[in-house]
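The values are calculated or read from the model by the stated rules, or taken from the named source; none is laboratory data. Small disclaimer: the values here were computed from a predicted structure and weren't measured. Here Cβ is always computed from backbone atoms with ideal geometry, including for glycine, and neighbour counts include all displayed protein chains.
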Amino acid sequence: MDKKAEMGMGTLIIFIAMILVAAVAAKVLISTTGTLQNKALSTGKATSQEVGTSLRAIEAYGEDGTDQDIEYLFMTIKLSSGSDEIRLQDTLLSLNLKDSSLDYQYNTSVRCANTSYYQNVSAAYNMTLLNQSNFGVNYQITGTNNKSGYLTKGDVVQVCIKTPRAINESEGVKLTMMPMVGAPMVIDSSTPDLMVDTRIPIYP
(Lines give C-alpha, C1' and ligand atoms only; values in the text may rest on other atoms or scores of the structure.)
Protein backbone atom coordinates (compact mmCIF):
# COMPACT_ATOMS: atom_id res chain seq x y z
CA MET A 1 0.00 0.00 0.00
CA ASP A 2 2.86 2.34 0.87
CA LYS A 3 4.45 1.77 -2.56
CA LYS A 4 1.12 2.40 -4.29
CA ALA A 5 0.65 5.56 -2.24
CA GLU A 6 4.13 6.76 -3.11
CA MET A 7 3.49 6.06 -6.80
CA GLY A 8 0.18 7.93 -6.59
CA MET A 9 1.82 10.91 -4.91
CA GLY A 10 4.58 10.92 -7.51
CA THR A 11 2.09 10.83 -10.35
CA LEU A 12 0.12 13.66 -8.74
CA ILE A 13 3.25 15.78 -8.33
CA ILE A 14 4.23 15.19 -11.96
CA PHE A 15 0.69 16.04 -13.08
CA ILE A 16 0.68 19.29 -11.06
CA ALA A 17 4.11 20.18 -12.43
CA MET A 18 2.89 19.64 -16.00
CA ILE A 19 -0.09 21.91 -15.35
CA LEU A 20 2.18 24.63 -13.96
CA VAL A 21 4.55 24.36 -16.92
CA ALA A 22 1.63 24.53 -19.34
CA ALA A 23 0.22 27.59 -17.55
CA VAL A 24 3.57 29.41 -17.68
CA ALA A 25 3.99 28.51 -21.36
CA ALA A 26 0.49 29.76 -22.13
CA LYS A 27 1.17 33.05 -20.33
CA VAL A 28 4.41 33.56 -22.27
CA LEU A 29 2.65 32.74 -25.54
CA ILE A 30 -0.19 35.18 -24.85
CA SER A 31 2.28 37.91 -23.88
CA THR A 32 4.37 37.33 -27.01
CA THR A 33 1.28 37.29 -29.23
CA GLY A 34 0.09 40.58 -27.76
CA THR A 35 3.47 42.21 -28.31
CA LEU A 36 3.66 40.99 -31.89
CA GLN A 37 0.12 42.16 -32.52
CA ASN A 38 0.92 45.65 -31.20
CA LYS A 39 4.04 45.78 -33.35
CA ALA A 40 2.07 44.61 -36.36
CA LEU A 41 -0.58 47.28 -35.81
CA SER A 42 2.08 49.95 -35.39
CA THR A 43 3.97 48.82 -38.47
CA GLY A 44 0.76 48.51 -40.44
CA LYS A 45 -0.24 52.07 -39.60
CA ALA A 46 3.19 53.41 -40.51
CA THR A 47 3.22 51.46 -43.76
CA SER A 48 -0.27 52.61 -44.63
CA GLN A 49 0.68 56.22 -43.99
CA GLU A 50 3.92 55.84 -45.94
CA VAL A 51 2.20 54.33 -48.97
CA GLY A 52 -1.15 56.11 -48.80
CA THR A 53 -0.02 59.72 -48.29
CA SER A 54 0.91 61.59 -51.46
CA LEU A 55 0.52 64.90 -53.25
CA ARG A 56 -1.15 65.59 -56.57
CA ALA A 57 -0.02 68.33 -58.96
CA ILE A 58 -2.80 70.28 -60.67
CA GLU A 59 -0.67 72.74 -62.62
CA ALA A 60 2.70 74.47 -62.74
CA TYR A 61 3.73 77.64 -64.51
CA GLY A 62 6.40 80.33 -64.49
CA GLU A 63 6.50 84.13 -64.57
CA ASP A 64 7.47 86.55 -66.15
CA GLY A 65 8.21 85.19 -69.64
CA THR A 66 8.04 88.45 -71.58
CA ASP A 67 11.86 88.58 -71.66
CA GLN A 68 12.13 84.96 -72.89
CA ASP A 69 12.99 83.62 -69.43
CA ILE A 70 11.29 83.03 -66.09
CA GLU A 71 12.50 83.52 -62.52
CA TYR A 72 9.42 82.56 -60.49
CA LEU A 73 7.66 79.20 -60.43
CA PHE A 74 4.17 78.42 -59.18
CA MET A 75 2.59 75.02 -58.49
CA THR A 76 -1.00 74.25 -57.58
CA ILE A 77 -1.25 71.07 -55.51
CA LYS A 78 -3.58 69.09 -53.28
CA LEU A 79 -3.59 65.82 -51.35
CA SER A 80 -4.27 62.62 -53.26
CA SER A 81 -7.40 60.70 -52.31
CA GLY A 82 -7.02 58.87 -49.00
CA SER A 83 -3.92 60.81 -47.92
CA ASP A 84 -3.25 61.96 -44.38
CA GLU A 85 -2.62 65.64 -43.69
CA ILE A 86 0.88 66.94 -44.40
CA ARG A 87 2.76 69.50 -42.31
CA LEU A 88 4.33 71.97 -44.70
CA GLN A 89 7.21 72.67 -42.33
CA ASP A 90 8.21 69.01 -42.72
CA THR A 91 8.08 69.15 -46.52
CA LEU A 92 11.09 69.74 -48.76
CA LEU A 93 10.76 71.24 -52.24
CA SER A 94 13.61 70.67 -54.70
CA LEU A 95 14.20 72.36 -58.05
CA ASN A 96 16.60 70.73 -60.52
CA LEU A 97 17.81 72.46 -63.67
CA LYS A 98 20.41 71.31 -66.18
CA ASP A 99 23.28 72.99 -64.34
CA SER A 100 21.97 73.84 -60.89
CA SER A 101 19.62 72.72 -58.14
CA LEU A 102 18.19 74.21 -54.99
CA ASP A 103 16.20 72.97 -51.99
CA TYR A 104 13.45 75.08 -50.46
CA GLN A 105 11.76 75.04 -47.06
CA TYR A 106 8.38 76.42 -46.08
CA ASN A 107 8.24 79.92 -44.64
CA THR A 108 4.97 81.50 -43.51
CA SER A 109 6.25 85.00 -44.29
CA VAL A 110 6.61 84.35 -48.02
CA ARG A 111 3.55 85.47 -49.95
CA CYS A 112 2.51 83.91 -53.25
CA ALA A 113 1.14 86.74 -55.39
CA ASN A 114 1.41 86.50 -59.14
CA THR A 115 3.99 88.93 -60.50
CA SER A 116 1.66 89.86 -63.35
CA TYR A 117 -0.44 91.88 -60.90
CA TYR A 118 2.51 94.04 -59.88
CA GLN A 119 4.68 96.47 -61.80
CA ASN A 120 7.42 95.88 -59.24
CA VAL A 121 8.16 92.22 -58.55
CA SER A 122 9.44 93.01 -55.05
CA ALA A 123 5.93 94.13 -54.16
CA ALA A 124 4.65 90.61 -54.78
CA TYR A 125 7.26 88.83 -52.69
CA ASN A 126 9.40 89.21 -49.68
CA MET A 127 12.56 89.12 -51.80
CA THR A 128 14.92 88.55 -48.87
CA LEU A 129 13.09 85.41 -47.78
CA LEU A 130 12.75 84.03 -51.31
CA ASN A 131 16.46 84.44 -51.91
CA GLN A 132 17.08 82.31 -48.81
CA SER A 133 15.63 79.19 -50.41
CA ASN A 134 12.14 79.43 -48.96
CA PHE A 135 8.82 78.57 -50.55
CA GLY A 136 5.52 80.20 -49.79
CA VAL A 137 1.97 78.90 -49.89
CA ASN A 138 -1.35 80.51 -50.75
CA TYR A 139 -4.55 78.64 -49.84
CA GLN A 140 -6.80 78.85 -52.90
CA ILE A 141 -9.41 76.48 -51.46
CA THR A 142 -9.66 75.42 -47.81
CA GLY A 143 -11.12 72.10 -46.72
CA THR A 144 -13.38 71.57 -43.71
CA ASN A 145 -10.43 70.58 -41.50
CA ASN A 146 -8.07 73.30 -42.75
CA LYS A 147 -5.18 74.23 -40.48
CA SER A 148 -2.63 76.92 -41.19
CA GLY A 149 0.72 75.41 -42.08
CA TYR A 150 -0.82 72.08 -43.08
CA LEU A 151 -2.19 70.57 -46.26
CA THR A 152 -5.41 68.78 -45.33
CA LYS A 153 -8.20 67.01 -47.20
CA GLY A 154 -10.01 69.46 -49.47
CA ASP A 155 -7.24 72.07 -49.47
CA VAL A 156 -5.91 73.39 -52.76
CA VAL A 157 -2.76 75.46 -52.38
CA GLN A 158 -0.44 77.42 -54.61
CA VAL A 159 3.28 77.03 -53.92
CA CYS A 160 5.72 79.70 -55.09
CA ILE A 161 9.51 79.85 -55.36
CA LYS A 162 12.18 82.06 -56.87
CA THR A 163 14.54 80.13 -59.14
CA PRO A 164 18.33 80.25 -58.50
CA ARG A 165 18.74 81.72 -61.99
CA ALA A 166 16.63 82.63 -64.99
CA ILE A 167 15.15 79.61 -66.77
CA ASN A 168 15.34 79.89 -70.53
CA GLU A 169 13.24 78.58 -73.41
CA SER A 170 13.26 74.81 -74.07
CA GLU A 171 14.91 74.08 -70.74
CA GLY A 172 14.20 71.09 -68.53
CA VAL A 173 12.57 71.78 -65.17
CA LYS A 174 12.17 69.16 -62.45
CA LEU A 175 10.23 69.94 -59.29
CA THR A 176 10.09 67.43 -56.44
CA MET A 177 7.99 67.92 -53.32
CA MET A 178 8.85 65.48 -50.56
CA PRO A 179 6.76 65.21 -47.38
CA MET A 180 8.40 63.67 -44.32
CA VAL A 181 5.97 60.75 -44.53
CA GLY A 182 4.58 59.55 -47.83
CA ALA A 183 5.45 59.48 -51.50
CA PRO A 184 7.18 62.40 -53.25
CA MET A 185 5.42 64.36 -55.98
CA VAL A 186 7.50 64.94 -59.11
CA ILE A 187 6.91 67.30 -62.03
CA ASP A 188 9.45 66.58 -64.76
CA SER A 189 8.79 68.92 -67.66
CA SER A 190 10.33 71.74 -69.69
CA THR A 191 9.64 75.30 -70.71
CA PRO A 192 8.11 75.98 -74.16
CA ASP A 193 10.25 76.60 -77.23
CA LEU A 194 8.96 80.16 -77.33
CA MET A 195 8.22 82.33 -74.30
CA VAL A 196 6.64 85.74 -74.89
CA ASP A 197 3.74 85.85 -72.41
CA THR A 198 3.79 86.79 -68.75
CA ARG A 199 2.52 83.39 -67.64
CA ILE A 200 4.39 80.40 -69.06
CA PRO A 201 2.73 76.96 -68.66
CA ILE A 202 4.99 74.11 -67.55
CA TYR A 203 2.53 71.41 -66.40
CA PRO A 204 0.33 69.82 -67.58
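In the range 163-187, the residues that are within 9 Å of LEU97 (Cα to Cα) form Cβ pairs under 7 Å with partners that are charged (D, E, K, R), at six or more places apart or across chains, as follows: ILE167/ASP69; GLU171/LYS98; GLY172/LYS98; LYS174/ASP188. Starting from residues that are in contact with a helix residue (DSSP H, G or I) (Cβ under 6 Å, 6 or more places away or on another chain) and among the hydroxyl-bearing types (Ser, Thr, Tyr), keep the ones in the range 84-109 and report whichever is modelled with the highest pLDDT. The residue in question is TYR106.
Within the range 165-204, being of a type in the set (Asp, Glu), more than 26 Å from the chain's Cα centre (by Cα) and not in a loop (DSSP other than H, G, I, E, B) holds for no residue. Scanning the range 121-164 for residues that are outside any strand (DSSP E or B), at pLDDT 95 or above and surrounded by 20 or more Cβ atoms within 10 Å (Cβ to Cβ) returns a single hit, ASP155.
When the range 50-64 is filtered for residues that are more than 11 Å from the chain's Cα centre (by Cα) and either part of a loop (DSSP other than H, G, I, E, B) or at pLDDT below 95 (or both), the ones remaining, listed by number, are GLU63, ASP64. Taken over the range 165-197, the residue count meeting the criterion of being surrounded by 13 or more Cβ atoms within 10 Å (Cβ to Cβ) and closer than 23 Å to ILE86 by Cβ is 15. Out of curiosity, is THR76 over 14 Å from the mean Cα position of the chain (by Cα), at pLDDT below 95, closer than 22 Å to PRO204 by Cβ and crowded, with 16+ Cβ neighbours inside 10 Å? Spelling it out, it is not the case that THR76 is over 14 Å from the mean Cα position of the chain (by Cα), at pLDDT below 95, closer than 22 Å to PRO204 by Cβ and crowded, with 16+ Cβ neighbours inside 10 Å.
Among the residues making up the range 180-193, those that are at pLDDT 95 or above and touching a helix residue (DSSP H, G or I) at 6+ places or on another chain (Cβ under 9 Å) are THR191, PRO192.
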